[in-house]
Each structure stands twice: as C-alpha cells, then as structure tokens.
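Worksheet: one structure, shown below.
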Amino acid sequence: MNYGAVIKVLGNLLMIEAGLMIPSFFVAIYYNQWDKRAFLISIIITGVIGFIMSKSFEYKKGIKAKEGLAIVALGWILASFFGSLPFVFSGSIPSWVDAFFETVSGFTTTGATIVDDVELLPKGILFWRSFTHWIGGMGILVFTIAVLPTLGVGGFQIFKVESPGPKPDRIVPRVKDTAKILYTTYLVITLLEIVLLLLGGMSLFDAAVHTFGTVGTGGFSIKNESVGAYNSTYIHLVIGIFMILSGVNFSLYYALFKGKVREVIRNEELRLYLGIIFTAVILIAININKSMYNNFGLSLRDSFFQVGSIITTTGYATVDFDQWPTFSKIILFSLMFVGGCAGSTGGGMKNIRILVLFKLIKREITKIFHPRAVIPIKTEDKVVPNETVASITSFFMLYILIFVLGTAIISLEGIDFESSAGAVAATLGNIGPGIGLVGPARTYSQFSYGGKLLLSLFMLLGRLELFTIIALLVPSTWRKEILSKNA
C-alpha cells in the first residue's frame, strides 16, 4: 500500500471540500444568520488539515487498485466527518453522531434525516445540507479527478471504484476528460432545472436547494412537507421529470450530444428503466384512484412523482405514501431495490444488474430443454463476460444478505418488522424515506446512536456498491506487499 499517495490525495480532497463550503458561508453572510462563524471555523479546520496532509508525503508512484479503493472508501468517510462540522459548530445538530448521520446521508444522496423540524435551520446550513447532495451525486472523488491533474493515469483506479454499476468505462480515452464531460452534463441539467423552477414561482434559494436534491437524487428538502409544501402541479412535474432524467446513465446524454440517437433508443437498460417506471405509475395510479383519490389525473400525478422519486432513490415526497394501500406500498418497496441506471446519480442495485439477472434466469430455463446449448448473455449485442455475470450474481446475493441481517439487527431496537425493513432498504438503497416509522412524514431521530451509525454504514455501503467498504475491512488490503527475490 502506497500510504503516501493515499494521504496526499485525501489531503487534496479535504482542501477541495473546504472550498466547497465557501458558497454556504456566503449564503450565511447574505442572510446574516448565526451559522456564519460555524462555516468559517469549519473551512479553516478542514483546509488546514487537508493542506498538512497533502504536503506531508511525497507522491512516489501512480495510484493502483489497492490505493484507489482506500482513497474512495476513506475519502467518503473523511468528507462526511469534516462535512459535519458546520452542523455541530452552529448548534443546528449538536450531537456528533447525529451530525455525521446527516452528512453521510447528504453525501451519499440518501436524504434520510434526523431533523424533526427542518424549517428552523438557518439558510447557510440548509444550503450546505442540500449542496452535499449535489457534490456526492456525481461522486466527490470523480470531482477530485476532474479538477486535480496531479492524479494522472492512476486516477482511473479511483474512477473505477467510485463509479456506480458493474462496468465503469471511460467515455473518452482520458479519465480526467471523462470526469469533466460528466460534470459538464451534470451542471447543464442543474442550471436548466433551476431556471424551470424559477419560472414556476420558486425563489432562487428554494429552486437551487431542491435542484441539488433532484439532480443528485438526494431528497433533502427545506420544507417539513418536502415538495408537497409547494401546491403546484407544475413544480411537481418539473422535479418529477428531472428526477427520472437524473436516474439515466449520464453517458447517454453525451451520446445524444454526439448525435448517436439510435444508440440511445436501443439501450436495453434505459428501456427497462422506463418500462418499469411506466408500469409502476399506471398500477399505482389505478390502485390509489380506486381506494383514495377518485380523480385519475391527481392519482397519475402523485403516482408519477413517487415512483420517480423512489426508483431514482431521490426520496422527495408530495404525499405521505405510507398511507397508500398495501399494493401500492409493495410496488414502491420493490422499486427501492431496483434503483436507477448504472452511471447515474441514483442508488439501488441498478437496472443493468436487474437486466442481466433476468437474462440469466431466462438462460437457465432455456437450458432445461436444451442442456447442451451454449447461450451467451448479451446486452447491446455484446456478450457479457462470465466474470461480470458472476460479479453481478455475487452483488445481488450480498445485497440481499446485508438487507436481511441489517433488518434483524435494527429490529433489536424495538422497531417493528415493516419499519426495520423499510429503514434498511431506504438507507442501503440511498433512498431516504422508507415505510412505517421511517415513512415520508417521519425522521430517523428515534434510533439510538448505535442504530444511526449502523444505518450510516448502510448508506456508505449502498453508495460505494458494497464491495469497496467491505474490502476496506479486509486485513490483506492494508498488508504490505512482500517482494520475493530469486537467490
């Protein structure tokens, strides 16, 4: 393990995080609220420690897989720890554990909160809380790669570990250019949504923070009633549409920009993603209209918003869907496991894995009748390597195992099964609100410190696709390589 390289990059990361706190500091100054001093102290502490770390070690060689894994896992933990400083120093969330939970939830774009009355928080803290979604949405380490040319070729090891999905690929040959293309796309979508929300009557502050949560598929709102506080079909539809757009693989937007329309239309993962959304919206709309609404237009609107919010793992709400019929809640609960597309800001298992699993099941059924047949699994007319299929199968099994074990452990807090399962599914899938006691009208403040730390771990596991955090806990990751020489 090249510890010098790891510490140096992490130091650079902290300096970047200190810089990213500055907009929130300016917001606090503009509104002249009590969180100004908290941001100033947090920026100084984070920046100074980052500077010391970046200058204390020499960058001896390129970043390899082991270093990339350590940088990504430790980077998210460090960013969450130092990102919690403004909450603690301002007194908005005085408990370190609660502040860490809130910050992990922000950076991992989960949107699970322990704040019971968010409207009491100062504007700078509200801005930072939502801005963490925007930073974490595309990946704080991908951002680092985009702005730090010192990473060089080794940056791909970080990009590979950081990127969601089973097959992270460069859009263009240089990974730094790939990161810049992704962030340019990200920024364009962000600015477009802000403009559209302004046209709908939102203030600039409200439009910005809700856009951060939408494009980053996070879900922190500045209203206790979430997006439902804005009684506007236009606002609901704009946010709903942009949630779904943010759940699409961002490389497809670059393909559209290059004029590869047919390639986008034929993308199997995109078609599955949109097909699941369409089917879920119609089924839930029919179900809630029959039992609750008696207005199919409103049923369709609320169904569309909540399906988009859950499958993209954003977590915004316009209604308390925990009050919906069991059939609709089961559909939403199932969507928590599906998630968005690979290469998007969404969480969950990702549609590409679901697609491959469906094809794997189909192949095994076919082989019952044709046992000697050689049937490769293909996506986009390309054969999926057996190693990738095995990785996807392992990921699926590990995901379910962690969900089951996590539900059992959380239930020890005296939480009922529905709420325990909802809390674990919502944090592991980076969704935020779940069902039962963690539904959209409630918070996670009821959990013990131990429960919050465990749920924070689930959020990190979900955002970093399980294996990164687990590999960090394996002793061999940190063991020094022993080079044997021939006598």
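Every number here is computed from the coordinates shown, using simple stated rules; none is lab data. This is a predicted model, so every value here is computed, not measured. In this analysis, Cβ positions are derived from the backbone assuming ideal geometry, glycine residues included, and neighbour counts consider all displayed protein chains.
Ile368 passes every criterion in (1) without any contact (Cβ under 8 Å) to a residue 60 or more places away in the chain; (2) in contact with a Ser or Thr (Cβ under 9 Å, 6 or more places away or on another chain); (3) hydrophobic (A, V, I, L, M, F, W, C) apart from (2).
Scoring Ile235 on the criteria (1) assigned to a helix (DSSP H, G or I); (2) touching a residue at least 40 places away in the same chain (Cβ under 8 Å); (3) in contact with a Leu (Cβ under 8 Å, 6 or more places away or on another chain) leaves a single failure, condition (2). Summed over segment 394-430, the residues that are in a helix (DSSP H, G or I) and touching a helix residue (DSSP H, G or I) at 6+ places or on another chain (Cβ under 7 Å) give a count of 22. Checked across segment 248-259, the condition of being surrounded by 16 or more Cβ atoms within 10 Å (Cβ to Cβ), over 22 Å from the mean Cα position of the chain (by Cα) and touching a residue at least 40 places away in the same chain (Cβ under 8 Å) holds for no residue. Of all the residues in segment 317-359, those that are under 28 Å from Pro385 (Cα atoms), surrounded by 16 or more Cβ atoms within 10 Å (Cβ to Cβ) and among the hydrophobic types (A, V, I, L, M, F, W, C) number 12.
Restricted to segment 276-297, and to residues that are of a type outside the set (A, V, I, L, M) and touching a Ser or Thr at 6+ places or on another chain (Cβ under 8 Å), which residue is surrounded by the most Cβ atoms within 10 Å (Cβ to Cβ)? Only one residue tops the list, namely Asn287.
This table checks each residue for (1) under 21 Å from Ala317 (Cβ atoms); (2) among the small types (Gly, Ala, Ser); (3) buried (at least 17 other Cβ atoms within 10 Å of the Cβ).
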{"residue": "Ile400", "(1), (2), (3)": "no, no, no"}
{"residue": "Ala408", "(1), (2), (3)": "no, yes, no"}
{"residue": "Ser411", "(1), (2), (3)": "no, yes, no"}
{"residue": "Phe417", "(1), (2), (3)": "no, no, no"}
{"residue": "Asn430", "(1), (2), (3)": "yes, no, yes"}
{"residue": "Leu453", "(1), (2), (3)": "no, no, no"}
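When Ala441, Ala390, Ala423 are screened for being closer than 21 Å to Asn224 by Cα and either exposed (fewer than 13 other Cβ atoms within 10 Å of the Cβ) or within 18 Å of the chain's Cα centre (by Cα) (or both), only Ala423 passes.
Of the residues in segment 372-385, not one is within 30 Å of His133 (Cβ to Cβ), touching a helix residue (DSSP H, G or I) at 6+ places or on another chain (Cβ under 8 Å) and of a type in the set (D, E, K, R). Listed by first and then second residue, the pairs with beta-carbon distance under 6 Å, at least 6 apart or on different chains, first residue in segment 306-321 and closer than 19 Å to Asn289 by Cα and free of Cβ contacts under 8 Å to residues at least 24 places away in the same chain, second of a type in the set (A, V, I, L, M, F, W, C) and part of a loop (DSSP other than H, G, I, E, B), form an empty list. Consider segment 382-440 and keep the residues that are among the hydroxyl-bearing types (Ser, Thr, Tyr) and touching a residue at least 40 places away in the same chain (Cβ under 8 Å). The one that is nearest to Lys350 (Cα to Cα) is Tyr399.
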